[in-house]
Amino acid sequence: MNQTSVLKRGAGWVVAHILYLLIFAVFALLPLFVKDAYYLRIFIFIGIYIVLALSLNLINGYTGLLSIGHAAFYGIGAYSSALLTLKMGLPFLLALPLSGVIAAVFGYLIGKPTLRLTGIFLTLSTLGFNIIFVLLAINWEGLTRGPLGIAGIPVPEIFGYAFQGQEDYYYLIFFLVLFTLGSTYRLIHSRFGKALLAIREEETAAETVGVHTVHYKMAIFVISTFYAGLAGSFLAHYIRFIAPDNFTFWESFTLLAMLALGGQGNLIGPIAGASALIALPEIFRFLTDHRMIFYGLILIAMMLFRREGIFSRRTYSLKITPPWEEKETGPQYLVGDKFLDEDSAQEKDDGASKN
Amino acid sequence: MKRFKSVFLRTLLFLVIPFSFAYGAEPIYIGLMAPMTGDYAEYGMFFREGIQLAMDEINKAGGIKGQQVELVVGDSRADPKEAALVAQKFVANPKIVAVIGDFTSSCAMAAAPIYESAKMVEFSPSSSHPEFTKLGKFMFRNTPTQEHEGPFLARWLIKDLGKKKVATIYIKNDWGLATNKYFVETAKSLGVDIPVQESFLPGEKDYTAILTKIRRDNPEGLFIGAMYAETALITTQMKKMHFNPTMIAPGAIYSPKLIELAGDAVEGILANALFFPEFDRPEVRKFHKGFVEKFKKEPNNFAALAYDCMNILAHSIKTGGPDRQKIRETIAAVKNFPAVTGATTFVGGDVVKEYGKITVKNGKWSAYKP
Amino acid sequence: MKGEGDFPALPASEGKVDLLFEQLINGITQGSIYALIALGFTLIFGTLRLVTFAHGEVFMMGAMTGYTVMRYFQGSIYTALLVAIIASAVLGIVIERVGFHLLRKAPHQSSLLITIGFSIVLLNLAQLIWGPETHSIPKLQYGDFQVLGIYISYAQVIVLAVTLLLLLAIQVLIYKTEMGRTIRATAQDYEAAYAMGINIDLVFMLTFALGSLLGGIAGMLIGFYYNAFYHTMGSVPGLKAFCACILGGLTSLGGAVVAGFILGIIENLAVGYISASYRDLFSFGILILVLIFRPRGLFGREV
């Protein structure tokens, strides 16, 4: 019987999560030993794409749909934030979440008629909406200034402090990444998350068990587009100039390549994919000029050789089991539609717990 | 005699080289921020060639006070995000003292805040969006803004040539919108309303529908706000439709490729030009000759503008030294610099230059003679 | 200096009919291209039940190779056409082998993503090879003639004629030949076809090649009609192929053709009466509307 004191349990938690804490510390303190604005900038872009990849992962990875027009919501978030701050004078602290909400509203409006479609029909409609978004952004000059784009987007101001250098933006995106990661994690490990996995694995079976699939698809779509909107808002206030060109379906395809490379259906895949595809073209000079071809080849190669991505479906965990903990804290496995849960005392896999 | 000469030269070289090291042969680095890949890569290439030509001439003459100049190229791909990244790289490199670029206004403007806060000159050969130079004290451009180009063309077509019925067709991007706007505004001030203004998206290649619409109005003159590729298509399709108004377009169309693509469909088209080989001034001749010799092809407006940028920068560095802040001050003070693209004086970050007039006559670009 | 407008001004009412007629002609010409490219696409989809995102780039490659033959190897237009056909068919086979054959056992999404990958790679490869500029064949001229006061160029006639010829040829091939029957059988039920001893592997490959070469021919036609060859010339037509295919009914060959013409005409009327920038909005708007309200399109089977 476990008679661990609070202290011991606290220490146990720290030891179990020591690797996570270390990683967190490294990235939290990054701006202290990386001073070069150029490198910080790269990390910031990695952060943006991590948020985007994680959000798309909710739709493509966890729910098993194929959305190929995600950049539209990224764009909606960006334009919303730009217009809210420029035209309506809202403070950034308000514009950021509002942009997420506006993107989510559009996610709802677009999801309503299309999420009841299946397969290729759904996919094509997501593409169609991406294209239409860009066309509207170009043509609705009264609202978006068309191809001129929106320039001079204000610098974020949080509680009177106006952003000055790369470090400020870095911490903001760091926070957004943590937020996305944390809330996604909670979502996935809830009953809601399990319903999603049921939809992914065997939709008709899920229906019979009483899961209203369209309802869940709508919910995840709206949640996912919220994150994309947040990322868009950040982008708008970071590079302070946005144009329709930034949000075409080629940008959506870039996200697809990230998920294809890193893997989807878990939390580390999108992070790995986003980091790799942003960092590699900066590290290797010959890739810098041929970024898009590189992404295309990645898509082809991954589909041929490892279509689940590098980090495939199983969830990963960096938790360590301290010696005095007896509870099994292994990863969760997906076996058909059975869910192995650390909380439930159901079947244990053949003894092995790490991956 | 020959042998003596070569021995003499080689000995001289032997003696000179260690001294040139002593001169701090550390070269002066200038950055080029332009689209080297992507849709506008050919313009980035012309920039690069113009700058390279200028640098070669400067270096052959001994460099700037003994220091050679060298070019560092950053590819902005005509993407503002990329431009900002390139700007970041450049300002972080203490060896780079100034930057020439970008080609598009949106890139130049996206990068401007970075150069401004790093106090480094961003000298664009071609950015014509009025707001660019307002973004900071370190922003300079070598071309008049569209506030001057559009009106110049409007006055030419309406005042000089007396066309009373005019229509416009223009590309729907930041450049096209601006160039059309200023043309139309001036036309209005000259008493000519332009009811038919048709825009098209980049990538459009079928203009027959638009042209049919325009032709219904039967205009005498047509302002084409597009680059040479689209203009070639537009004019060819106009010819197919037997639609022959007087055509006038911004100098961006000045390229041998326009004639190559459109043939006699562009016969008679009018354009403004800052650079044209027939404008007979010594610096123009020198540039033209040097360019053709080095690159085996005709230069265009953009190559000339970049060439001038480099020379103006060299002049500044010579006057005030290779210091970022100093360069800014000396450029701002430039008056009547004998540039290939016209005598150049800076007013703030903008230039005052006179346009010339060119046209396509008998299948070739020529200076316009009324 | 050219003379002032040769074309005399018409009274307002005639002007309106004039515009309509002209736009219809434009619409039919463009519609032919859409029909061709949609046909190739639908042929592939109908048989393999898989969407290829790379179709637009095959279209583009056909055009670019044809252009290269004519411009740099002094080939005649017939040689260029032949090369374009071979190039696009080969490209189609490569995509089929890599993207579908090797992924037979994989979920459809993987093949879709691979074709997206091919699309990106081909597009950028074309830019590396031919550069970003628009290329043209110098001195390419077409004559024209007048009908009811409207000028129709011979080029428009050629495009329409070639399209109709090809449509007829495909019609004969699919419905009147042994090979066609085999394709249809495979399209209807590939497992049954396999059980009956049909080499469905070969059928898939052939169908892809056939669909691709139709795309390549369409590319050549468009390229020569506008005398404009550039690496992004296939992106939008490729997407329009989806629109036409969905509008016509995913598996209906005839439907795709009709839909292609419909799209071409609607687009040009929109441009003529509203604005050029709205061209694409109409086609993609139609795509969305069809997907939402009638996914089986005009002539498709119940989905």
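Per-residue Karplus couplings for segment A:60-73, computed as 6.51 cos²θ - 1.76 cosθ + 1.60 with θ equal to phi - 60°, are listed in order as 7, x, 7, 9, x, 8, 10, 9, 10, x, 4, 4, 4, 6 Hz, Gly and Pro entered as x.
Taking Cβ atoms as reference points and 9 Å as the exclusive limit, the residues near residue A:63 contribute a net charge of +2, counting Lys and Arg as +1 and Asp and Glu as -1.
Each 10 Å bin, from zero up to the one with the longest distance, holds this percent of the alpha carbon pairs of chain C: 6, 26, 34, 22, 8, 2, 1, 0. Just to confirm a number: summing +1 for Lys and Arg and -1 for Asp and Glu over residues other than residue B:133 whose beta-carbon lies under 14 angstrom from that of residue B:133, what do you get? Neighbourhood net charge equals -2.
Here the peptides C:90-96, B:160-166, B:119-125 are ranked by packing, the mean other Cβ count within 10 Å, and the order with the highest first is B:119-125, C:90-96, B:160-166.
Once the Cα gyration tensor of segment A:191-237 is diagonalised, what are the square roots of 5 times its eigenvalues, in whole Å and ordered largest first, as equivalent ellipsoid semi-axes?
That gives 29, 8, 7 Å for the three semi-axes.
Counting only other chain Cβ atoms within 10 Å of each residue's Cβ, the peptide C:268-276 averages 5.
Per-residue mean of foreign Cβ neighbours for C:285-296 is 5 (Cβ atoms of other chains, 10 Å radius). Would you mind pulling out the separation of the Cα centroids of segment A:211-277 and segment B:284-325, in Å? So the separation of the two Cα centres works out to 45 Å. Assuming charge only on the beta carbon of Lys and Arg (+1) and of Asp and Glu (-1), the dipole of chain A about its Cα centre is about 220 debye to the nearest 20.
Ordering B:314, B:158, B:118 by Cα displacement along the dipole of chain B toward the positive end leaves B:314 in first place; charges were set at the Cβ atoms of Lys, Arg (+1) and Asp, Glu (-1). Restricting the calculation to alpha carbons of the protein assembly as shown gives Rg and Dmax of 30.8, 106 angstrom. Once Lys and Arg get +1 and Asp and Glu get -1 on their Cβ, which of C:130, C:158, C:59 lies farthest toward the positive end of the dipole of segment C:46-192? Sorting the options by dipole projection puts first C:59. Taking a point 7 Å from the Cα of residue A:207 along the Cα-to-Cβ direction, the residues of segment A:111-150 with backbone N closer than 15 Å to it are A:115-119.
Relative to the Cα centre, the charge distribution of the protein assembly as shown, modelled as +1 at Lys and Arg Cβ and -1 at Asp and Glu Cβ, gives a dipole magnitude of about 1460 debye. When the charge dipole of the protein assembly as shown is built from unit charges on Cβ atoms (+1 for Lys and Arg, -1 for Asp and Glu) and taken about the Cα centre, the candidate among B:302, A:64, A:103 whose Cα reaches farthest toward its positive end is B:302.
Neighbours of residue B:367, meaning other residues whose beta-carbon lies under 10 angstrom from its beta-carbon, give a summed charge of +1 when Lys and Arg score +1 and Asp and Glu score -1. In the protein assembly as shown, the calculated helix contribution to ellipticity at 222 nm averages -19500 deg cm²/dmol per residue, counting -39,500 (n - 2.57) for every DSSP H run with n ≥ 4. Residue-wise HN-Hα couplings along segment A:9-25, as the Karplus relation 6.51 cos²θ - 1.76 cosθ + 1.60 with θ = phi - 60° gives them from phi, are 5, x, 4, x, 4, 4, 4, 4, 9, 4, 5, 4, 5, 4, 4, 4, 4 Hz; Gly and Pro carry x.
Taking the average, over residues, of other Cβ atoms within 10 Å as the packing measure, peptides A:59-68, B:52-61, A:73-82 rank A:73-82, A:59-68, B:52-61 from highest down. Charging the Cβ of each Asp and Glu at -1 and of each Lys and Arg at +1, and nothing else, the dipole of chain B about its Cα centre rounds to 1000 debye.
Could you sort C:162-171, A:216-225, A:265-274 so that the peptide with the highest average Cβ count within 10 Å comes first and the rest follow in order?
Highest to lowest by the protection proxy: A:265-274, A:216-225, C:162-171.
Two-decimal Rg/Rh of segment A:1-90 from alpha-carbon positions, Kirkwood Rh?
Dividing the radius of gyration by the Kirkwood radius yields 1.16.
Give the separation of the Cα centroids, segment A:126-155 to segment B:43-68, in Å. Rounded to whole Å, the Cα centres lie 40 Å apart. Summarising the label geometry, the points placed 7 Å from Cα in the beta-carbon direction at residue A:29 and residue C:188 lie 7.2 nm from one another.
What's log10 of I(q)/I(0) for segment B:39-111 at q = 0.17, 0.18 Å⁻¹, Debye sum over Cα points only, no solvent? For segment B:39-111, the Cα-only Debye profile gives -0.69, -0.75. Pairs of Lys residues in segment B:109-226 that lie 8 or more places apart, or on two chains, and have C-alpha atoms under 12 angstrom apart add up to 5. With a Förster radius of 22 Å applied to the C-beta separation of residue A:171 and residue A:19, the computed FRET efficiency comes to 0.50.
Shielding of peptide A:289-298 by partners, expressed as the average count of other chain Cβ atoms within 10 Å per residue Cβ, is 6. In this simple spin-label approximation, residue A:189 and residue B:134 carry label points 7 Å from Cα along the Cα→Cβ vector, and these lie 5.3 nm apart. Within segment B:242-370, the ratio Rg/Rh, alpha carbon atoms throughout and Rh by Kirkwood, equals 1.05. Over segment C:96-139, the ratio between the Cα radius of gyration and 2.2 N^0.38 Å evaluates to 1.66.
Values in this text are rule-based calculations from the coordinates and carry no lab data. Here the structure is a predicted model, which means the values were calculated and not measured. We place every Cβ from the backbone using ideal geometry, glycine too, and count neighbours over all the protein chains shown.
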